[in-house]
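First up is the structure itself, then whatever we jot down about it.
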Amino acid sequence: MNEQESVGPGTGRGTDRVVDHDHGHGDEHGHDHDNDHSEIGPMDLRVRALESVLTEKGYVQPAALDELIEAYQVRIGPRNGARVVARAWVDPDYREWLRRDATAAIAALGYSGRQGEHMVALENTELEHHLVVCTLCSCYPWPVLGLPPTWYKSAPYRARAVRDPRGVLADFGVRLPETTTIRVWDSTAEVRYLVIPRRPAGTEALDEAALAALVTRDSMIGTGLAREPSSRP
Ligand code: FE
């Protein structure tokens, strides 16, 4: 299979469609789109080499880099996004604000910064399910979701999310009725998407914190659904 052929918007099947726009990866993006960097390999080596050189020359401190990675991987993670979603579930005014100006609404909860400067929130409904991909690389909303999972950066996900979104969802154990249109959004260096999953039934009595615990990382990418309250760990 030639991945190059299938990577790119506009090949959604059936009623599902790709929301196409200028991908617009800026120079600051800084990685090589011709390379398939779905596996640790040459890219990892280059990063290490760069880190060594920068450290040697005194431009960066390894401890500071570790701190940055730790912040996005552990402390931030997807919990920030879960709090945003939970707020949107309980507060209609906030949900409206989020849909209108996600960057501001998310920043109001204290989540802003690199890779989250231009956020767009996509609300899942009975009729529409949103799925986010970066077909060219791995653009991802760091301030709300932390660092992207490995599969998000993989060539098969990037290609298949566009070509066969229903198949991808099935791989993730998500089956939606044919009456639900799947919209695929191609993330870019400029715009990052946060999916607002549907609030599970039977959660009327839960408070915001309990609701946030139901919001998984995958549900905010669109490859998953929010947990049912009974399946909470
Ligand atoms: Fe990207």
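The values are calculated or read from the model by the stated rules, or taken from the named source; none is laboratory data. Everything numeric in this text was worked out from a predicted model, so none of it was measured. Don't worry about glycine lacking a Cβ; one is built from the backbone with ideal geometry, like all the others, and counts go over all protein chains shown.
Of the listed requirements (1) surrounded by 13 or more Cβ atoms within 10 Å (Cβ to Cβ); (2) at pLDDT 55 or above, residue 37 misses just one: (2).
Scan the stretch 179-186 and give yes if some residue there is of a type in the set (D, E, K, R), closer than 20 Å to residue 216 by Cβ and under 12 Å from the mean Cα position of the chain (by Cα), otherwise no. Looking for residues that are of a type in the set (D, E, K, R), closer than 20 Å to residue 216 by Cβ and under 12 Å from the mean Cα position of the chain (by Cα), one finds none in the stretch 179-186, hence no. The helices (runs of 4 or more DSSP H) found entirely in the stretch 59-164 that carry 1 or more residues being out of contact with any strand residue (DSSP E or B) (no Cβ under 7 Å at 6 or more places or on another chain) and either surrounded by fewer than 18 Cβ atoms within 10 Å (Cβ to Cβ) or without any contact (Cβ under 8 Å) to a residue 24 or more places away in the chain (or both) are 62-70, 79-90, 92-100, 102-108, 150-153, 155-163.
In the stretch 42-53, the residues that are within 18 Å of residue 68 (Cα to Cα) reach residues that are surrounded by 11 or more Cβ atoms within 10 Å (Cβ to Cβ) with C-beta atoms within less than 8 angstrom, at least six apart or across chains, in these pairs: 51/60; 51/62; 51/65. Does the stretch 170-224 hold any residues that are among the aromatic types (Phe, Trp, Tyr) and out of contact with any helix residue (DSSP H, G or I) (no Cβ under 8 Å at 6 or more places or on another chain), and which are they? Within the stretch 170-224, 185, 193 qualify. Scanning the stretch 189-215 for residues that are assigned to a loop (DSSP other than H, G, I, E, B) and within 16 Å of the ligand (Cβ to nearest atom) yields a count of 3.
Note on the stretch 110-138: residues that are within 16 Å of the ligand (Cβ to nearest atom) and touching a Lys or Arg at 6+ places or on another chain (Cβ under 9 Å) amount to 14. Only one of the numbered conditions (1) modelled with pLDDT under 90; (2) surrounded by 20 or more Cβ atoms within 10 Å (Cβ to Cβ); (3) among the hydroxyl-bearing types (Ser, Thr, Tyr) is not met by residue 52, and that is (2). The residue list 190, 228 contains one member that is under 29 Å from residue 44 (Cα atoms) and acidic (Asp, Glu), which is 190.
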